[in-house]
Amino acid sequence: MELQELRRDLERLRERALADFAAAPDLAALDALDVAYLGKKGELTVVLRGIGALPPEDRPQVGAVVNAVRSAIEAALVERRAILGTAALESRLGSEAVDVTTPGRRPPRGSRHPIVETAREISRIFGQFGFVDYEGPEVEDDLTNFQLLNIPPDHPARDLWDTLYVDIEGYLLRTHTSPGQIRVMHAERPPIRALLPGRCFRYEAIDASHQTEFFQVEGLMIDEGTTLGDLRGLLDQFAAAMFGRDKRTRFRPGYYPFTEPSVAFDVECVVCGGVGCPACSRTGWMTILGAGMVHPVVLQSGGLDPERYQGFAFGMGVERISNLRHAVNDLRYYLEDDLRFLEQF
Ligand code: DAH
């Protein structure tokens, strides 16, 4: 009688377990049921322990039933676990899926600094006339920066350049790219068509139009029979290429110790078209560069015979050209490394 009851209980236990497993919503719930039925204090385990209290002759029979029930429960667990596991995997796959059709993320791309870009554009334009880029040193000697360019020590013309000196006697930070003229004359034989872009330094109080560091491009042409007319023609072509064919240009008399005669080269104001506005101080003109015929003394400094060779030279501020091209009104932007500025180029 007791045996019959035990069998029935075990059958019920099996059915209940199977129904519970089928109802388990996820793997965590199933794990809890596993413990509840088969764990150390699980329902089936408790029954199994109870077998010891049965009369010895009943034990094998009950043992067989208990084992069969246990196998059934274990099999049901494995099956349900597989089903829930697949479902969990599928839902993960669904939520973590990689959409291979999504467009990629664009890597941030740098751009050339506006000064470099403008200097290259200047080189490109003069390059079309056969001018080749050269480089001079930023730490220059007094001799080449001044004396060989016809600016003797203590000459009042030195006041044109507020100079930064270095701790070595006779050396300074070049105040302009003009000393490159001397170096090119010594390195090459005429005909010479040289362009010298580079950084220059001056002792300045910094404001919107003055920096202690800035860039210039120097030009030098030397040949037999070179004239001021050649210079004018070349600069007109440059202005047309850089600022547009419709712009008027003019020469004004100027003064530089290393050229004779010296001129300032003006282009019709790119803002007002020559009418007169604040950008051109109401003159209608903007001065682009200084230029002139290379002084005979400078030709001699370069080891050339002024009776045989003539040449012209010019020097322009790259920031000035860039300001006009991009409507920038403050030099300080160029050296501030502010991405809000630089990203616009
Ligand atoms: N070196 C001059 C300056 O820094 C610019 C210049 C003027 C260069 C006339 C030249 C030139 O070659 O002929 O102000």
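The values are calculated or read from the model by the stated rules, or taken from the named source; none is laboratory data. Computed from a predicted model, the values in this text were never measured in an experiment. Don't worry about glycine lacking a Cβ; one is built from the backbone with ideal geometry, like all the others, and counts go over all protein chains shown. Ligands, DNA and RNA are excluded from the accessible area calculation, which covers all protein heavy atoms including side chains. Shrake-Rupley method; radii C 1.70, N 1.55, O 1.52, S 1.80 Å.
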Write out, first by first residue and then by second, each pair whose Cβ atoms fall under 7 Å of each other, whose residues are 6+ apart or on separate chains, and whose first residue, in region 302-319, is over 21 Å from Ser262 (Cβ atoms) and in the same structural domain as Val263 (by TED's automatic domain parsing) while the second is within 13 Å of the ligand (Cβ to nearest atom) and assigned to a helix (DSSP H, G or I). Gly303/Met185
Kindly indicate the residue of region 256-300 that is within 10 Å of the ligand (Cβ to nearest atom) and among the polar types (S, T, N, Q) and also surrounded by the fewest Cβ atoms within 10 Å (Cβ to Cβ) among those meeting that condition. Ser262
Looking only at region 306-327, and only at residues there that are assigned to a helix (DSSP H, G or I) and of a type in the set (Lys, Arg), the one that is farthest from the ligand (Cβ to nearest atom): Arg325
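Yes/no matrix, rows are residues, columns are (1) surrounded by fewer than 16 Cβ atoms within 10 Å (Cβ to Cβ); (2) within 16 Å of the ligand (Cβ to nearest atom); (3) within 30 Å of Tyr309 (Cβ to Cβ); (4) among the aromatic types (Phe, Trp, Tyr):
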{"residue": "Gly85", "(1), (2), (3), (4)": "yes, no, no, no"}
{"residue": "Ala88", "(1), (2), (3), (4)": "yes, no, no, no"}
{"residue": "Arg109", "(1), (2), (3), (4)": "yes, no, no, no"}
{"residue": "Tyr134", "(1), (2), (3), (4)": "no, yes, yes, yes"}
{"residue": "Ile151", "(1), (2), (3), (4)": "no, yes, yes, no"}
{"residue": "Asp154", "(1), (2), (3), (4)": "yes, no, yes, no"}
Failed condition for Ile115, given (1) at pLDDT below 85; (2) closer than 30 Å to Phe345 by Cβ, with all others met? (1)
Test Gly303 against the stated conditions and say whether it is more than 16 Å from the ligand (Cβ to nearest atom), closer than 30 Å to Gly225 by Cα and in a loop (DSSP other than H, G, I, E, B). yes
I need the full set of residues from region 31-56 which are open to solvent by less than 40 Å² (accessible area, probe 1.4 Å) and not in a helix (DSSP H, G or I), in order please. Gly39, Gly42, Leu54
Given the structure, is Val66 in contact (Cβ under 8 Å) with a residue 24 or more places away in the chain and under 14 Å from Asp9 (Cα atoms)? yes
State the number of residues belonging to region 161-178 that are within 13 Å of the ligand (Cβ to nearest atom) and open to solvent by 90 Å² or more (accessible area, probe 1.4 Å). 0
